[in-house]
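So the structure is just underneath, and the comments pick up after that.
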Amino acid sequence: MVSSDPHSYWIVLLDIEDFSLRPEVSQATLHEELYEVVEFALARAGLSLAECPVQDRGDGMLILAPMATSPIRLLRELTRGLEDALRAHQEKYNEKHRMRLRAGLNQGLVIRQGERWTGTAINDLARLVDADPVKGVLARARRAHLVLVLSEGVHSAVVLGNYPGIDQAAYLPADFVTKHGERRRCWVTVPGYPAPPGLSADVGEPPGGAEETTPAGTGASAAEGGARTESPTHRPATTFGNVSGGQINVGDYGTNIDNVGRDVIQGDKYEHYEGNTTDES
C-alpha cells in the first residue's frame, strides 16, 4: 500500500504517571477521567475532541491539533486547562486515584492511515515525554500536577518569542541519551514552580551527534530519576609570556612565534597574539 501524504499538526502527548503500578480499578478510573481532563483543557485552547484526532494509548493520549491553531494560545491555555482540570480531579479522588501527567508538545509531519499514525515528530515527542530527566522532575515536584516538555523547535519558536502569558525563565533545558545512543535536548517547565526542580540552567552547549564523548549535563542524577551527565569541558587557556623566537606545537602543527609579548592559546587554537607567526604542516 502506498503511504498517504503527510500533513502538519501540533502534536500533544499525555502520559499518566505510574499508571502501570496502579490496581486495575484505579487504572479504569484514571483512563476515564483523562478524557474529561483533556476535553476541558482543549476547550480552554479553543479546540474540541471532535476537531482534534485522538489516539488512545491506554496510559495516555496522543492528540493532533490543526496547524491553524495559534501555538501561543495552545501552549498557554492548554497548560492552564490541564492544570485546572487536574486540580479539580485531585479534589474528587483519594491518593490511589491521583492523576499526574507528563505532557509534551511538538510540531511536525504526520502520516495518517486509518487509526495508525506515524511520523518522526511523533517518535521524537514520545522520547521526550519518556526521558528520565523529565520523569525525575515530576518525581521531585511532589505538589505539581504535571510537567510539560517541549521540543527545541517549539521552544525556540514559541517560548523565546516573548509572547504574553509565557514565562521564558520557567523553562530549563534537559539533555538525555535515547536508547539508540542519540543525544537530545528538550525544554521543561512545571506549572506552579518558578523552575523545574532538579534541572540546572547551566548545561553547556546543545548536544551534537552521538559520536561526541562528553555529554551535556541535565542536573539530574540517575538515582533521582534522570541520567546525569556533565557539561562539555573546555581545556584551560595556557598563557605564555616573554616568548621570543620559539616554537609551540599546537595540535598536529608546529607554529613558529616571533617577537611575542603575551599569547593565549585556548585548546588547540590561538585566542589572540601579538607578533608574527608562520605555520608549518
- Note on the structure: Once normalised by the length of the stretch 66-206, the mean sequence separation of its alpha carbon contacts under 8 Å that are 6 or more apart gives a contact order in percent of 22
- Message: In whole percent, and with a 1.4 Å probe on the protein chains, what portion of the accessible area of the stretch 1-104 is carbon and sulfur?
- Response: 51
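Before anything else, pin down the relative contact order of the stretch 44-147: Cα pairs under 8 Å, at least 6 apart, normalised by residue count, whole percent. Each step should come with its number before you reach the end.
Values: 86 pairs, mean separation 22.2, N = 104.
It rounds to 21 percent for the stretch 44-147.
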- Share, in percent, of DSSP beta bridges within the stretch 54-194 that are antiparallel, nearest 5: 75
- Message: Students sometimes get this wrong: rank 184, 87 by accessible area, probe 1.4 Å, all chains present, largest first.
- Response: 87, 184
- Using the alpha carbon gyration tensor of the stretch 1-109, what are the three equivalent-ellipsoid semi-axes (square root of 5 times each eigenvalue), largest first, in whole Å? 26, 17, 10
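Using a 1.4 Å probe and counting only protein heavy atoms, arrange 155, 7 so the residue with the most accessible area comes first. Each step should come with its number before you reach the end.
Details: 155 10, 7 110 Å².
Order by accessible area, largest first: 7, 155.
With every protein chain present, what is the per residue accessible area of the stretch 1-145 (1.4 Å probe, Å²)? Write out the running numbers ahead of the final one.
Numbers: 6970 Å² over 145 residues.
Ligands and nucleic acids excluded, the result is 48 Å² per residue.
The values are calculated or read from the model by the stated rules, or taken from the named source; none is laboratory data. It should be emphasised that the depicted structure is a prediction, and the values quoted were computed from it without experimental measurement. Just so you know, the surface numbers come from the protein's heavy atoms only, side chains and all, with ligands and any DNA or RNA stripped out. Shrake-Rupley method; radii C 1.70, N 1.55, O 1.52, S 1.80 Å.
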